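Right, one structure below, let's go through it.
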């Protein structure tokens, strides 16, 4: 029997928010499929955190229709809060409590019974690799441990949707990758993750889809690979085993960028599968064999610069 697809975890249509004369969100539309990682990127001040605050019922919107986990944010805020978890860029951990006590406090706030509270605390301590540190004060935790504890606290209510607002800001690369692993595991278990981040590599590594906002509007949306194909600079590099073949391929493909010493050619391409097939078909038809082939596409830094006009430092 065929099963119907899950409805979107988040939909927002015409989302608007102003602070005085400053328009932060200018009618943005978002749709986040259930069980995926959706990342919101943009320069500092673009409205990423404001969007998270609205979607998670922390502040109200000035306009727009918003549904999270099937509930209307304006009309059913309590139902939305029961279905989500939120982790901000600054860990909401009480340094005077142990890791286990922080989790138990969050369980109490969710009105869990004693048995269920103990079960969930124990599960999250193990899941987030905090067993050895569980009985130690949070003040002794490293930055990575505090972030893991903070995310675990956000999961105490078994949320359908988890909002992660710049979750790895300030972490070292090893700790950042540990958080990435945990996020992937959560999504594999069915949780939907809405991620804002200052790190373009993080969005590239994690997100199924990305929306880039600038000036209060969504300026591009798609998979990381699709976004990279929006900007020029992509190319296919071919290397040949002998000068004769190299020269024949250069004439056939009208390649301007060629290296006579390395016997390579650079052919402009959007990096898509169709472009690659077309190139290979041309070479095959001419009986030209390439020894090596590699595809180079612009990265998200290039996309960010091209579509927002801001410097990369704006998002680190």
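Every read-out reported here was derived from the displayed coordinates using simple, explicitly stated rules and does not represent laboratory data. The model shown is predicted, which means the values in this text are computed figures rather than measured ones. Reconstructed Cβ throughout: ideal geometry from the backbone, glycine too, with neighbour counts over all protein chains shown.
Indicate the gyration tensor shape class of segment 1-99 (rounded, prolate or oblate), computed on the Cα atoms with a ≥ b ≥ c the square roots of the eigenvalues: a/c under 1.5 is rounded; otherwise a/b larger than b/c is prolate and the rest oblate. Oblate shape, in that a/c is at least 1.5 and b/c is the bigger or equal ratio.
Seen against the Cα atoms of the chain and their longest principal axis, helix 243-253 is set at about 70 degrees.
The base-10 log of I(q)/I(0) for segment 194-305, evaluated at q = 0.16, 0.20, 0.23 Å⁻¹, reads -0.76, -0.97, -1.17 [Debye formula, identical scatterers on Cα atoms, solvent excluded]. Based on Cα contacts under 8 Å between residues 6+ apart, segment 54-125 shows a relative contact order of 19 percent. The relative contact order of the chain comes to 20 percent, based on Cα pairs under 8 Å that sit 6 or more residues apart. Each residue in 235, 289 was given a count of other beta-carbon atoms within 10 angstrom of its own, and listing them fewest first yields 289, 235.
When the helices of the chain are scored as -39500 (n - 2.57) per DSSP H run of n ≥ 4 and the total is divided over every residue, the value at 222 nm lands at -10500 deg cm²/dmol.
Using only Cα atoms and rounding to the nearest 10 degrees, what angle (0 to 90) does helix 143-154 make with the longest principal axis of the chain? Value to nearest ten degrees: 60. Taken over segment 194-242, the percentage of Cα pairs per 5 Å bin, counting from 0 up to the bin with the maximum distance, is 4, 16, 23, 22, 13, 6, 6, 4, 3, 2, 1. Size check on segment 235-300: the Cα extents along the three principal axes, sorted descending, read 36, 25, 19 Å.
Distance between the pseudo-spin-label points of residue 223 and residue 96 (7 Å out from Cα toward the beta carbon): 5.1 nm. Among rounded, prolate and oblate, which fits segment 129-176 when a ≥ b ≥ c are the square roots of the eigenvalues of its C-alpha gyration tensor, a/c under 1.5 means rounded, and a/b larger than b/c means prolate? The shape class here is oblate. Summarised in one figure, the compactness ratio Rg/Rh of segment 71-133, Cα atoms and Kirkwood Rh, is 1.03. Using the alpha-carbon atoms, what tilt in degrees (0 to 90, nearest 10) does helix 173-188 show relative to the longest principal axis of the chain? That helix lies at roughly 80 degrees to the long axis.
From the P(r) of segment 140-203, can you give the percent of Cα pairs sitting at distances over 15 Å?
More than 15 Å apart: 48 percent of the Cα pairs in segment 140-203.
Look at 21, 281 and count the other Cβ atoms within 10 Å of each Cβ; fewest to most, that gives 21, 281. Of all DSSP beta bridges confined to the chain, the antiparallel ones make up roughly 65%. Each label was represented as a point 7 Å from its Cα along the Cα-to-Cβ direction; for residue 301 and residue 241 these points are 3.6 nm apart.
Here the calculated FRET efficiency for residue 74 and residue 208, from their Cβ-Cβ distance with R0 = 35 Å, stands at 0.80, rounded to the nearest 0.05. Taking a quarter of the surface of the Cα convex hull of segment 76-201 gives a mean projected area of 7.7 nm².
Stokes-Einstein diffusion of segment 10-222 at 4 °C, 1.567 mPa s viscosity, Kirkwood radius from Cα pairs, rounded to a whole number: 74 µm²/s.
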